[in-house]
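All remarks here apply to the structure that follows.
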Amino acid sequence: MTVRGLVADAAARLAGAGVASPRVDAELLVAHVLGVPRGRLLLADAPDAEQGRTVDALVTRRAAREPLQHLLGTAVLGPVEVAVGPGVFVPRPETETLLVRALELVRSTPAPVAVDLCTGTGALALALAHERPDAVVHAVEVDPGALTWTRRNLAGSRVVLHEADVTVPGVLADLTGAVDLVTCNPPYVPEDAPVPPEVRADPHGAVFAGADGLAVVRPVAALAHRLLRPRGAVAIEHDDSHPDAVREVLAAAGFADVATHPDLTGRPRVATARRT
């Protein structure tokens, strides 16, 4: 079979299974098996029989709605690629908006101190450190399953890892009033909200956060306010049904300049604010 034929067959099977982006997923899976970048896929040699069988097995798993990133073993956020798998939340494209907004908030701050709460894979912390080599970046995670991946991804980096629960009062006491930027992609989906099958592969505690989805956002807002210097900034990703509620939480925590920002699809996804 040719590369074109292999991709076309995989895309058709994924489309029939209801996968949201069947052609892209098919190309990424075939490129992964052939060991070439997706952009050079059509220039690759024709797959042999063993490669065809490997693609077939991966497509079968993806058609069963196993996350694409689990099959590839990696996920990308901005300039970084991290290892992912069962036990850790997979970074999503919408978090690109969180990264962009966070960097804008400290654009004019020399050598900023940044703290990424609920870091999971560590992707956002690594991306911040990559884009701001002058920054001191801290990452915070508590879940043992996630920490296996966090440690792996942060190994050899400049990011300082804290094994801590962001909902516990007094956490990170040594950083109180010393931080320029706090970022967080917390669990924020309401418990009864319907989600795509792929989301069920993520740890429950990394996705769902109480009846209203704000059970972690509230303590995170209070923690961010305590950690930040005056005029320090916070950026939090949230559910697209939550823009008003998250702005209210941030205002109640003492923040000013509270604003909501859309993701690449136009959905309200990120809230930013500054400490007065």
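The values are calculated or read from the model by the stated rules, or taken from the named source; none is laboratory data. Source: prediction; values computed, not measured. So basically every Cβ, Gly included, is an ideal-geometry build from the backbone, and we count neighbours across all protein chains shown.
Could you say whether any residue in region 158-173 is out of contact with any strand residue (DSSP E or B) (no Cβ under 6 Å at 6 or more places or on another chain) and part of a helix (DSSP H, G or I)? Yes, the conditions are met somewhere in region 158-173. If only residues of region 216-240 that are under 21 Å from the mean Cα position of the chain (by Cα) and free of Cβ contacts under 8 Å to residues at least 40 places away in the same chain are counted, the one that is farthest from Val168 (Cα to Cα) is Asp240. Flag not set for Thr109, criterion: under 16 Å from the mean Cα position of the chain (by Cα), farther than 17 Å from Val220 by Cα and in contact (Cβ under 8 Å) with a residue 12 or more places away in the chain. For the subset of region 140-175 comprising residues that are free of Cβ contacts under 8 Å to residues at least 24 places away in the same chain and crowded, with 16+ Cβ neighbours inside 10 Å, which member is farthest from Ala209 (Cα to Cα)? Only one residue tops the list, namely Leu147. The single condition among (1) surrounded by fewer than 15 Cβ atoms within 10 Å (Cβ to Cβ); (2) in contact (Cβ under 8 Å) with a residue 12 or more places away in the chain that Pro194 does not meet is (2).
Test Val182 against the stated conditions and say whether it is modelled with pLDDT of 95 or more, under 24 Å from Pro268 (Cα atoms) and in contact with a Cys (Cβ under 9 Å, 6 or more places away or on another chain). Taking the combined requirement at face value, the residue does not satisfy it. Examine region 95-107 for a residue that is surrounded by fewer than 17 Cβ atoms within 10 Å (Cβ to Cβ) and more than 25 Å from Asp239 (Cα to Cα), and state whether such a residue exists. Scanning region 95-107 turns up at least one residue that is surrounded by fewer than 17 Cβ atoms within 10 Å (Cβ to Cβ) and more than 25 Å from Asp239 (Cα to Cα).
Would you check if Leu105 is in the same structural domain as Pro197 (by TED's automatic domain parsing) and farther than 30 Å from Pro144 by Cβ? Here the answer is yes, as Leu105 does meet what is asked. Has region 89-97 got at least one residue that is touching a residue at least 40 places away in the same chain (Cβ under 8 Å), assigned by TED's automatic domain parsing to the domain that holds Ala206, on the phi > 0 side of the Ramachandran plot and under 18 Å from the mean Cα position of the chain (by Cα)? No, because not a single residue in region 89-97 is touching a residue at least 40 places away in the same chain (Cβ under 8 Å), assigned by TED's automatic domain parsing to the domain that holds Ala206, on the phi > 0 side of the Ramachandran plot and under 18 Å from the mean Cα position of the chain (by Cα).
Residue-by-condition table, conditions (1) within 16 Å of Pro186 (Cα to Cα); (2) surrounded by fewer than 18 Cβ atoms within 10 Å (Cβ to Cβ); (3) modelled with pLDDT of 95 or more:
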residue	(1), (2), (3)
Leu228	no, no, yes
Glu237	yes, no, yes
Ala251	no, yes, yes
Val258	no, yes, yes
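Here Val82 passes the criteria (1) free of Cβ contacts under 8 Å to residues at least 60 places away in the same chain; (2) touching a helix residue (DSSP H, G or I) at 6+ places or on another chain (Cβ under 6 Å); (3) of a type outside the set (Ser, Thr, Tyr) except the one numbered (1).
Only one of these is in contact with an Asp or Glu (Cβ under 7 Å, 6 or more places away or on another chain), modelled with pLDDT under 95 and not aromatic (Phe, Trp, Tyr): Ala211, Ala193, Ala273. Name it.
That would be Ala211, the only listed residue that is in contact with an Asp or Glu (Cβ under 7 Å, 6 or more places away or on another chain), modelled with pLDDT under 95 and not aromatic (Phe, Trp, Tyr).
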